[in-house]
1. Kindly indicate which of B:Val72, B:Val159 is under 19 Å from the mean Cα position of the chain (by Cα) and either more than 18 Å from B:Phe232 (Cβ to Cβ) or not charged (D, E, K, R) (or both).
2. Conditions first: (1) within 7 Å of chain B (Cβ to nearest Cβ); (2) within 20 Å of the chain's Cα centre (by Cα). A:Leu70 passes all but one, so which condition is the exception?
3. Which condition from (1) away from chain B (no Cβ under 12 Å); (2) under 28 Å from B:Val194 (Cβ atoms) is the one that A:Asp189 breaks?
4. Would you confirm whether or not region A:168-180 contains a residue that is more than 19 Å from A:Ala33 (Cα to Cα), surrounded by 14 or more Cβ atoms within 10 Å (Cβ to Cβ) and out of contact with any Pro (no Cβ under 7 Å at 6 or more places or on another chain)?
5. Looking at region A:93-152, which of the residues that are small (Gly, Ala, Ser) and closer than 27 Å to B:Val187 by Cβ is nearest to the other protein chains (Cβ to nearest Cβ)?
6. Restricting attention to region B:166-197, report how many residues are among the charged types (D, E, K, R), part of a helix (DSSP H, G or I) and more than 14 Å from chain A (Cβ to nearest Cβ).
7. From (1) outside any helix (DSSP H, G or I); (2) at pLDDT below 85, pick out the condition that doesn't hold for B:Pro329.
8. Looking at B:Ala33, is it under 26 Å from the mean Cα position of the chain (by Cα) and either surrounded by 10 or more Cβ atoms within 10 Å (Cβ to Cβ) or free of Cβ contacts under 8 Å to residues at least 40 places away in the same chain (or both)?
Amino acid sequence: MTPLAARDVTLRFGGVIALDRVTVEVRPDELLAIIGPNGAGKTSLLNVLSGFYRPHSGQVELEGETIRSLRVDQVARSGVARTFQGTHLFAGQTVVENILVGRDVHMRTNILQAFCYFPWVAREEDEHRRAVEEIIEFLEIESIRNERVGTLGYGLRKRVDLGRALAQEPRILLMDEPMAGMNSEEKEDLARFILDVREARKTPVVLVEHDMGVVMDLADRIVVLDFGRVIAEGTPAEMQRNPDVIRAYLGEAQ
Amino acid sequence: MDPAGVFAVRYSQDRALLRTRKQWFALAVFLAALAALPLLVGPRLIAVANIMLISAIVVVGLQICTGYAGQVNLGQAAFMGVGAYTAAVLAERTGLSFLLTIPLSGVAAAGFGFVFGLSAARIKGFYLALTTIAAQFVFHFAVLNLPGSWLGGSNGATVPPATLFGYRIASDTSLYYLCLVCTVIMVYGAFGIVRSRFGRAFIAVRDDDVAAGIMGINVVATKATAFLVGAFYAGVGGALWAYMLRFVAVDQFTLFNSVFFIAMIIVGGMGSVVGALIGVFVIRAIQELITSLGPELAASVPFLGGDIVFASMNVFLGGAIALFLIIEPKGLMHRWNIVKAGYRLWPFPY
């Protein structure tokens with residue numbers, strides 16, 4: 001079963017065709033990197049996959065079921081998690097609370113029960129807190145768990161962002177330029193976490209990334225986009241030799 | 001941050017509101033003092049306390065809607081009015097017990113608020129503020145223009161006193177206990193809501209609604225829920241208001257009142273239930289001080305004339321709020337947290 005697939009997806013913004021009949025299939029347990037020059041449509045594709053944009057034509061399928069017509073929160077509830085380019089954390093909350101928001105998709109308390117704060121509401125809170133603590137330990141952010149995220153440095157915020165996505169226990173994880181703006185030490189840490197996620201959780205990961213070193217080292221397979229089309233697809237080694245890819249990045253020899 | 005030597009070893013301790021014995025003790029003393037208040041002070045101050053308690057319920061609701069969920073609401077007084085009129089009509093026409101009319105008033109106000117909550121799905125900030133002002137005028141217009149036999153029109157409507165097992169809750173003291181019990185219940189509920197998944201979803205929507213949606217939170221439903229909860233609180237407060245004055249009229253629930261409710265959460269501190277309570281206390285205390293000082297000042301300095309004194313009292317109140325905004329824009333709760341953290345770290349700088 002294909003965990004996540006975009007089939008024949010076309011997305012337009014006015015006259016601009018951001019995605020032109022793009023078909024991408026994510027295979028089980030793989031780390032798929034999507035690369036391409038600026039404006040190639042990488043982030044647009046990620047936004048389509050996570051339900052944030054609705055494509056004009058084509059299908060998006062999660063384990064064989066179409067999610068094209070779902071709202072963005074429904075897509076998240078059916079098992080697609082994503083992290084953001086830059087950070088989109090909830091600045092007023094602590095690290096623990098941010099990650100607990102990711103657990104919301106698994107919580108069942110309704111507003112009346114919350115008002116009364118029945119013992120079983122508290123119990124549900126504690127169960128999810130336990131799951132959050134596992135993620136905090138995995139990401140090695142124990143010491144900052146009660147800090148407000150607004151006060152944290154960029155590298156740590158990216159970890160919290162990843163933790164929040166992991167808390168959803170997604171069936172697939174989408175990451176939008178996780179390495180942007182980080183120093184090499186932070187990149188190494190994050191790369192290690194991404195590999196661990198795949199090892200430990202068997203969650204397929206889709207990575208949009210500009211840093212070629214990271215992509216070549218981590219990815220099992222690469223999809224190359226240019227002007228909204230898939231121009232090549234294959235292993236990192238194949239892509240490095242592919243003439244279309246080289247042309248897209250470096251331009252044509254005169 | 002906890003005081004030195006206090007460490008949570010279970011998750012239940014980590015989420016507890018009261019974390020030390022001293023805090024439990026302080027709460028017990030505070031509640032005992034509130035319960036004993038009618039024995040300690042005169043009826044005039046008890047009447048003031050009643051207004052404070054009712055305002056506390058309404059403002060805690062506004063805190064959830066505006067402070068936590070970030071949905072600016074300038075119609076809280078209208079929601080309160082819907083609650084007050086519902087209580088008046090139910091008590092007068094059906095003779096229902098206040099045990100039922102108070103929650104039903106909350107439900108009626110919540111329904112009215114929910115309609116405006118749905119508009120928050122499409123608009124934000126400044127535009128939402130204007131839309132909620134519309135709530136104020138819809139309420140005003142509806143009450144005045146519906147047939148007089150329904151809501152009493154511009155004459156207002158009278159309310160029979162609340163009775164419990166044949167005992168009339170009509171004196172200031174008995175009303176005080178009714179308001180106190182309701183306030184304690186509603187504040188407890190507010191603490192439950194804000195530390196549950198709903199409180200986190202509210203803050204998530206306030207801080208970054210795009211990210212909240214992608215985390216699986218239904219942003220539209222969350223905003224509507226925030227209005228629903230806020231208006232429910234206003235409705236409960238409105239019902240108590242109706243039982244307290246035994247008379248309701250549209251001019252008790254004006255835009256002016258809504259603005260004052262907003263001022264209370266700003267002075268107390270956005271995003272804090274305790275802050276809302278502090279804001280109510282401070283603003284109502286200043287208001288009360290001014291209304292009691294005004295006549296005395298007018299009497300002792302006769303050449304000023306009563307008109308000027310009363311007018312300048314409102315200027316003074318507005319000035320006091322403006323001063324708060326300049327000196328402590330994050331509210332008194334924020335300042336208190338800084339003082340508390342400093343005290344717990346002392347003598348170390350961090």
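1. On the way: B:Val159 fails: under 19 Å from the mean Cα position of the chain (by Cα).
Criteria check complete, one pass: B:Val72.
2. So the condition that A:Leu70 fails would be (1).
3. Only one criterion is unmet by A:Asp189, namely (2).
4. Residues of region A:168-180 more than 19 Å from A:Ala33 (Cα to Cα): A:168-169.
Narrowing the set further to residues that are surrounded by 14 or more Cβ atoms within 10 Å (Cβ to Cβ) leaves A:168-169.
Then keep just the ones that are out of contact with any Pro (no Cβ under 7 Å at 6 or more places or on another chain); that gives A:168-169.
Taking every residue of region A:168-180 in turn, at least one turns out to be more than 19 Å from A:Ala33 (Cα to Cα), surrounded by 14 or more Cβ atoms within 10 Å (Cβ to Cβ) and out of contact with any Pro (no Cβ under 7 Å at 6 or more places or on another chain).
5. To start, the set of residues in region A:93-152 that are small (Gly, Ala, Ser) comprises A:102, A:114, A:122, A:131, A:143, A:150.
With closer than 27 Å to B:Val187 by Cβ added as a condition, the list becomes A:114, A:122.
Values: A:Ala114: 4, A:Ala122: 7 Å.
Of everything passing the filter in region A:93-152, A:Ala114 is nearest to the other protein chains (Cβ to nearest Cβ).
6. Filtering region B:166-197 down to residues among the charged types (D, E, K, R) leaves B:168, B:172, B:195, B:197.
Applying the additional criterion that residues be part of a helix (DSSP H, G or I) yields B:172, B:197.
So of that shortlist, the ones also more than 14 Å from chain A (Cβ to nearest Cβ) come out as B:172.
Total meeting the criteria: 1.
7. Unmet condition: (2).
8. Values: under 26 Å from the mean Cα position of the chain (by Cα): yes; either surrounded by 10 or more Cβ atoms within 10 Å (Cβ to Cβ) or free of Cβ contacts under 8 Å to residues at least 40 places away in the same chain (or both): yes.
Yes: the conditions hold for B:Ala33.
The values are calculated or read from the model by the stated rules, or taken from the named source; none is laboratory data. The shown structure was predicted, so the numbers you read here are calculated from the model rather than taken from an experiment. Note that each Cβ is placed from the backbone with ideal geometry, even for glycine, and that neighbours are counted across all protein chains shown.
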